[in-house]
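K.L.:
This is the structure I want to talk about, given as structure tokens.
The values are calculated or read from the model by the stated rules, or taken from the named source; none is laboratory data. These numbers were taken from a predicted model, which means no experiment stands behind them. Glycine also receives a Cβ, built like all others from the backbone with ideal geometry; neighbour counts cover every protein chain displayed.
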Amino acid sequence: MSKIFDLFIIGGGINGAGIARDAAGRGMSVCLADKGEIGGATSSWSTKLIHGGLRYLENYEFKLVRESLKEREIVYKIAKSISKPIPFIIPYADKIRPAWLIRLGLFLYDNLGGKSNIPKSKTFDLKKKFPNILKEKYKTGFQYFDIQIDDKKLTKLNAQDAKRNKAKILEHNKVKKAEIIENEWVISLENGKKIKSKVLINASGPWINETLHKNIKIKSKKKIRLVKGSHIITKKLYKADIAFTFQNTDKRIIFVIPYKGKFSLIGTTEVEVNSPENKGISKNEIKYLIKSVNNYLKKQISTKDVVDTYSGIRPLIEDFNKASKVTRDYIFDLKVIKKLPLLNIYGGKLTTYRKLSEKVLIDLKKFLPKTKKGPWTDKKKLF
């Protein structure tokens, strides 16, 4: 236990792996531990998209959308081997959102992030462009682009790059306890080892408050809401290599996305749960997703067409709105205990993980060793 790390990170999801990569690449000594495998929980249960968050515009989250669009460009540039632009079609449903509102949203989506290599939005006749996919009543389509990505692979590539820069990555190794002993964080692992660190980062996603209370023995004033997002997978529903954004009467949207060549990925739901372990899809969620698709597609599906499902728990910051309106932004809770920093990361999304990692190192700058290297992860490709 002689070595003292600059940073110890609890949690090997996309945020933890991103922070480890950034810090190790600047020459800091980094150790990360996860109770499972890297990217094996929330970070592999997403809708597999790097996107600006078109629907967040309705909640006036312009800052988040702008940052997300800028990051969409960067992540696509550094992770081209596991990502690709994909067109999304919004069939116009006049009783849900007026055409002018969709056009305004897409105009903002095209321009908020600045210069982009990703194609701009456009409007077209659905019957001429993509015949025999949608029901006859859907005549107009609005097209925009986002990036499809392998979320688990993205997390693993970040962890691998951190290892190349001498970070210590510990999988299947739960943190049992973290305490301050003689001016250092001492972290006790499930395998019996103890690790010393100057800084402790709690990036445990939906388990953040549980980790804080049970393992670090500190009470948090920040409240989170655990929201389950479920997906179903069916055999490919149409031949065209396009995705659909279907609007529901409850104002939520559902994506139908080509998946692994032979399948369609449909999601996601938003159901509040009490525990991060409560991640199985329910019959009501399956019914909701099937009904959403059947409102639009000519080819009707049933539970018999579902070949697989997955669900993930997202930790959203409590702001007492209904789940669909709770912010997807992130908040840092920096505590200094006996002159030692503890940073808790609340919220966040796959798209903004890289920027979040940079901001973590800015916030912790006065506690970390001076390095000649500044921000760098926007330029070096992941491989």
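K.L.:
Determine, yes or no, whether Leu157 is buried (at least 21 other Cβ atoms within 10 Å of the Cβ) and within 25 Å of Gly53 (Cβ to Cβ).
P.N.:
Yes, satisfied.
K.L.:
When you check Ser292 against the structure, is it polar (S, T, N, Q), part of a loop (DSSP other than H, G, I, E, B) and either surrounded by 13 or more Cβ atoms within 10 Å (Cβ to Cβ) or modelled with pLDDT under 95 (or both), yes or no? Before you say what the answer is, go through the steps one by one.
P.N.:
Working: polar (S, T, N, Q): yes; part of a loop (DSSP other than H, G, I, E, B): no; either surrounded by 13 or more Cβ atoms within 10 Å (Cβ to Cβ) or modelled with pLDDT under 95 (or both): yes.
Here the answer is no, as Ser292 does not meet what is asked.
K.L.:
Name the residue, out of Glu171, Glu136, that is more than 30 Å from Lys381 (Cβ to Cβ) and surrounded by fewer than 17 Cβ atoms within 10 Å (Cβ to Cβ).
P.N.:
Only one candidate passes the filter, namely Glu136.
K.L.:
May I ask you to list the residues in region 296-322 that are crowded, with 18+ Cβ neighbours inside 10 Å and within 30 Å of Tyr92 (Cβ to Cβ)?
P.N.:
Of everything in region 296-322, those that are crowded, with 18+ Cβ neighbours inside 10 Å and within 30 Å of Tyr92 (Cβ to Cβ) turn out to be Tyr296, Leu297, Ile301, Arg314, Leu316.
K.L.:
For the subset of region 1-45 comprising residues that are of a type in the set (Asp, Glu) and crowded, with 24+ Cβ neighbours inside 10 Å, which member is nearest to Lys163 (Cα to Cα)?
P.N.:
The residue in question is Asp22.
K.L.:
Looking at Trp376 and the list (1) in contact with a Leu (Cβ under 9 Å, 6 or more places away or on another chain); (2) assigned to a loop (DSSP other than H, G, I, E, B), which single condition is not satisfied?
P.N.:
Exception for Trp376: condition (1).
K.L.:
Are there any helices (runs of 4 or more DSSP H) wholly within region 7-122 with 2 or more residues that are outside the structural domain of Ile257 (by TED's automatic domain parsing) and within 30 Å of Asn344 (Cα to Cα), and if so which?
P.N.:
By residue number, 14-25, 62-78.
K.L.:
Failed condition for Lys380, given (1) out of contact with any Ser or Thr (no Cβ under 8 Å at 6 or more places or on another chain); (2) among the charged types (D, E, K, R); (3) under 30 Å from Lys139 (Cβ atoms); (4) touching a residue at least 12 places away in the same chain (Cβ under 8 Å), with all others met?
P.N.:
Of the numbered conditions (1) out of contact with any Ser or Thr (no Cβ under 8 Å at 6 or more places or on another chain); (2) among the charged types (D, E, K, R); (3) under 30 Å from Lys139 (Cβ atoms); (4) touching a residue at least 12 places away in the same chain (Cβ under 8 Å), the odd one out for Lys380 is (3).
K.L.:
Six or more apart or on different chains, Cβ atoms under 6 Å: show the pairs whose first residue is in region 97-126 and at pLDDT 95 or above and whose second is of a type in the set (Val, Ile, Thr).
P.N.:
Leu112/Val65
K.L.:
Moving to a separate point now. Being at pLDDT below 95, surrounded by fewer than 21 Cβ atoms within 10 Å (Cβ to Cβ), on the phi < 0 side of the Ramachandran plot and not assigned by TED's automatic domain parsing to the domain that holds Glu270: is that true of Lys372 here?
P.N.:
yes
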